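Enquirer: Below: one structure in structure tokens.
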Amino acid sequence: MGNALNWNETPWPRHEEDGVAYYTAPGITARHVFTTRLGGVSTGALESLNLSVRRGDEEPRVRENWARLGRAARLDLRGVACARQVHGSDVRIARAADLQPPEREPRVSCDGFVTNEPGVPLAVFMADCLPVLLHDAAAGVIGAVHCGWRSSVADILGVAVEKMVSLGARPARIHAAVGPGIGACCFEVGPEVADGINRLLRGETEGLLREKPDGRYMADLKRANARRLAQLGVPAAQIDLSGLCTMCRPEEFWSHRKTNGHRGVQAAIITL
Ligand SMILES: [Zn+2]
């Protein structure tokens, strides 16, 4: 497999409604959003659209942020499937019974959800890690995955696609979106991360890892995940890649690295 897989790298539409700014992916037809930090009521390092109470925020503020997002994106987000994310490879099938108020502490631990039930919004949180949304429109199956490097090299996308297939999806029909997250411009990693990416992709890492003189690497985690999706059978042309780097755009996104961990969280949300 060469370097020139034809991912869809056209710029993503940016939407702004009452100050709430979010992005959507061009190829995903299920309703979805990739949020920014803009348009909420949280303060300090969490200014302003922080979507998790786990960052030290107050529940009423997080509830108001979700309400503002729901109004802006015209989504019913009073109940959402969301989790304590643990940088593993566990993906759960979400049902209506799993929905919870998103401003509360999550009840389950995992790093991804899939579902084929309408009205079950799936949400993942991040601030540098990559959000990946998946959709097989013909089967009516969606997925939302939190892809930090640990989950990525543990093949969480392989697990997510397998769970989608168990619900009737076919990889060749899946549209995928790798959202705003840390880019190859900023993601400096040690050799253990480079080794993990190499193992995950069975050596198909052309153009994904740039070794520096000090033995560290600049890693392209977005394209590594896109390449993994292609290996899993998702056509490259059906994979949207966001060019937005969270670390390069502190005015619009939280970056864990840029803020030394003093930050809120963005979310990627998809629903049937
Ligand atoms: Zn960057």
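Enquirer: Please give the Cα centre distance for segment 186-211 versus segment 89-160, rounded to the nearest Å.
Expert: 24 Å
Enquirer: Right, next: Count charges around Gly88 for me, please; just the other residues with Cβ under 13 Å from its Cβ, Lys/Arg as +1, Asp/Glu as -1. Each step should come with its number before you reach the end.
Expert: Details: positive: Arg84, Arg92, Arg150; negative: Asp90, Asp111, Asp155.
Net local charge, Gly88 excluded: 0.
Enquirer: Additional query: In the chain, what % of DSSP beta bridges are antiparallel (nearest 5)? Show your work: numbers first, answer last.
Expert: On the way: 36 of 46 bridges.
If I count the DSSP bridges inside the chain, around 80 percent turn out antiparallel.
Enquirer: To continue, here is another question. Summing Lys, Arg as +1 and Asp, Glu as -1, what charge do residues with Cβ under 10 Å from the Cβ of His175 carry, His175 excluded?
Expert: On the way: positive: Arg173; negative: Asp136, Asp240.
Once positives and negatives cancel, what remains is -1.
Enquirer: Still on this structure, I have one more. Which value, in debye to the nearest 20, describes the size of the charge dipole of the chain about its Cα centre when Lys and Arg Cβ atoms bear +1, Asp and Glu Cβ atoms bear -1, and nothing else is charged? Before the final figure, lay out the partial values.
Expert: Numbers: 33 positive and 31 negative charges, 48 e Å.
My answer is approximately 240 debye.
Enquirer: Sort 186-199, 150-163 for me by packing, meaning the mean count of neighbouring Cβ atoms within 10 Å per residue, highest on top.
Expert: Values: 186-199: 16.6, 150-163: 22.4.
Order by mean packing, descending: 150-163, 186-199.
Enquirer: Quick one: which residues, 5 or more positions from Cys147 or on another chain, have an amide H under 5 Å from its amide H? H modelled 1.01 Å from N in the peptide plane, none for Pro or chain starts.
Expert: Leu130, Val132
Enquirer: Residue-wise, which Karplus ³J(HN,Hα) couplings in Hz belong to segment 76-93, taking 6.51 cos²θ - 1.76 cosθ + 1.60, θ = phi - 60°, and x for glycine or proline?
Expert: 8, 10, 6, x, 9, 7, 8, 9, 5, 8, 10, 6, x, 10, 7, 10, 10, 7
Enquirer: In addition: Shape of segment 175-215 from its Cα gyration tensor (a ≥ b ≥ c, root eigenvalues): rounded if a/c is under 1.5, otherwise prolate when a/b > b/c, or oblate? Spell out each step's value before the answer.
Expert: Working: a/c = 2.20, a/b = 1.28, b/c = 1.71.
Here segment 175-215 falls in the oblate category.
Enquirer: Now for a different question. Rank-order 36-43, 125-132 by packing density, defined as the average count of other C-beta atoms within 10 Å over each peptide's residues, highest first. Provide the component values of the computation, followed by the final result.
Expert: On the way: 36-43: 20.5, 125-132: 26.0.
Highest to lowest by the protection proxy: 125-132, 36-43.
Enquirer: How about Lys163: which lysines have a C-alpha closer than 24 Å to its C-alpha, ignoring those fewer than 8 places off in the same chain?
Expert: Lys222
Bear in mind these aren't lab numbers, they're just calculated from the coordinates by the rules spelled out. The shown structure was predicted, so the numbers you read here are calculated from the model rather than taken from an experiment. Glycine gets a Cβ as well: all are built from the backbone with ideal geometry, and neighbour counts include every protein chain shown.
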